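Rule-based calculations on the coordinates, nothing more; no lab input. All of these numbers come straight from a predicted model, not from anything done at the bench. Cβ sites come from the backbone with ideal geometry, for glycine too, and all protein chains shown count toward neighbours.
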Amino acid sequence: MAEKRILLIVGGGIAAYKVLELTRLLRKAAVAVRPILTRAGAEFVTPLSLSALAEDKVYSELFSLTDEAEMGHIELSRSADLVVVAPATADLMAKAANGLASDLASTTLLATDKPVLMAPAMNVRMWEHAATRRNFAALKADGVSFVGPDEGAMACGEYGPGRMAEPAAIFEAIMAALGGTARPLAGKRALVTAGPTVEAIDPVRMLTNRSSGKQGYAIASSLAALGAEVTLVSGPTALAAPAGVTRVDVESAREMLAACEAALPADIAVCVAAVADWRPAEANGRKLKKNAETPEPIALVENPDILAMLSKDARRPRLVVGFAAETHDVEAHAKAKLVRKGCDWIVANDVSIEGTMGGDQNAVALVSAGGIERWERMAKGEVARRLAERIAAELA
Ligand code: CTP
């Protein structure tokens, strides 16, 4: 557990005192704790005690200049493996359920792409109120996990559900959540290109290809699931950005190259995009009219090779992986591409097999200087998971 980090949001409730004990348990288990203390939370525990036990700075103000200078709220929200809210007050739950971003804690909850665990604590009537029921259901539907609340006597003198779970129980839930996902690529940056590129002929016409983006998106998602910070540079597709991935939308090959260069340095680059090899030498600013008897041929020029450029960049990622979509002599072409482009691996696939382009299945071979490894035909998601695991093993 030595490298695990949690972001601990401490809300304003009497149960906040229990968070000091929780912090002590986590530090003893070598889990790094970065606290965010809400203004109401600071009425119950002091920043000094929280900071002393967490052995880290306590963040509290969204607009604090020093906090933002050292670490912006977006970075803060993604700096951990897990976000824990304890006590999760009725107010914090309502804000999170409705996507409010009115202070540092709620903004962080809206901006994070990490799993969230909440330990609710509130008066029994507040817990049972229809509004809290709705918020609880909405948060669960959004993927938030919960520990507690327990039933028992409350500080306010009433009895019922609403007591925050004990520190040991929250500690167990945190350890289970952290242990549940192996994140061997935590701290690594990955760049993935996906989809087709679109090269304008004139404002209404274009040169493009049949790439769906599915394989590239699945790889971006699998790398993120293993903890990598992923930038997905994507041509136009019908797909939604995978959770936890930063997508940069581009159209042309030249835009894709610029976006890739802007995403460096990175530890890993996986070029899955079906980049158009050529673009019209001139992109006409005005629509070409069909008044000429025979249309002028469209002169083409070659596009930059993004994979080759990344492979020879001064900031070359440690591992550069390309794809080779071939219709014949798959492995021979892949081997030649490996050398020509200067990348470390080529994932070769035979697109002459029906259902590969745009479909959900892929039969690939992994080609490296060391040889060829043939994988059986499997779902594109499975290819992505296997490849992400191979990448993690290579960088370990
Ligand atoms: N690629 C790239 N930039 C280009 C062309 C290709 O980054 N301008 C990348 C693709 O993303 C893929 C790999 O290079 O990872 C191989 O693409 P492919 O189209 O198979 O290779 P080409 O170089 O275009 O070779 P050919 O068309 O002759 O097969």
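Please report the antiparallel percentage of the DSSP beta bridges confined to region 162-279, to the nearest 5.
15 percent
Show which aspartates and glutamates lie in cross-link reach of LYS335 when reach means a straight Cα distance below 20 angstrom and same-chain residues fewer than eight apart are skipped.
Reachable aspartates and glutamates: ASP277, ASP305, GLU326, ASP344, ASP350, GLU373, GLU376, GLU394.
How long are the semi-axes of the equivalent ellipsoid of region 5-179, defined as square roots of 5 times the Cα gyration tensor eigenvalues? Whole Å, largest first.
Sorted largest first and rounded, they come to 23, 18, 16 Å.
How much of the DSSP beta bridge set in the chain is antiparallel, as a percent to the nearest 5?
If we restrict to bridges inside the chain, about 35 percent are antiparallel.
Cβ under 9 Å from LEU319's Cβ, LEU319 left aside: what net charge do those residues give with Lys, Arg +1 and Asp, Glu -1?
Net local charge, LEU319 excluded: -2.
Could you tell me which residue out of PHE44, PHE63, ALA15 lies farthest along the dipole of region 1-95 toward its positive end? Charges go on the beta carbon: Lys and Arg +1, Asp and Glu -1, centred on the Cα centre.
The Cα lying farthest towards the positive end belongs to ALA15.
If you take the Cα Rg of region 189-395 and divide it by 2.2 N^0.38 Å, with N the number of residues, what do you get?
1.04
Roughly what % antiparallel, to the nearest 5, for the DSSP beta bridges in region 168-236?
About 35 percent, rounded to the nearest 5.
For a bin width of 10 Å, list the pair-distance distribution of region 1-53 built from all Cα-Cα distances, rounded to whole %.
Binned Cα distances yield the sequence 27, 56, 16, 1.
Magnitude of the Cβ-charge dipole of region 5-179, K/R +1 and D/E -1, about the Cα centre, nearest 20 debye?
Around 240 debye, computed over region 5-179.
Among LYS114/LYS341; LYS57/LYS114; LYS341/LYS380, which pairs are too far apart, with a Cα-Cα distance over 26 Å?
Check vs 26 Å cut-off fails for LYS114/LYS341.
When the Cα centres of region 279-312 and region 218-251 are compared, how far apart do they sit, in Å?
28 Å
If every alpha-carbon in region 267-328 counts as one equal scatterer, what log10 I(q)/I(0) does Debye give at q = 0.18 1/Å?
Computed log10 I(q)/I(0) values: -0.79.
Less than 15 Å Cβ to Cβ from LEU264, Lys/Arg counted +1 and Asp/Glu -1: what total charge do the surrounding residues give?
+2
Quick check of the Kirkwood formula: for the chain, what is the inverse mean of 1/r over all pairs of different Cα atoms, in Å?
Taking the inverse mean of 1/r over all distinct Cα pairs, the chain comes out at 23.7 Å.
Counting only other residues whose beta carbon sits under 14 Å from that of PHE171, what net charge do I get with K and R as +1, D and E as -1?
+2
Under the definition of Cα pairs under 8 Å and six or more residues apart, what whole-number percent is the relative contact order of the chain?
Computed value for the chain: 11 percent relative contact order.
Checking a compactness column here: for region 109-232, what do you get for Rg(Cα) / (2.2 N^0.38 Å), N being the number of residues?
Normalised by 2.2 N^0.38 Å, the Cα Rg of region 109-232 equals 1.64.
How large is the helix-only mean residue ellipticity at 222 nm for the chain, computed as the sum of -39500 (n - 2.57) over DSSP H runs with n ≥ 4, divided by its residue count, in deg cm²/dmol to the nearest 500?
Helix-only estimate at 222 nm: -10000 deg cm²/dmol.
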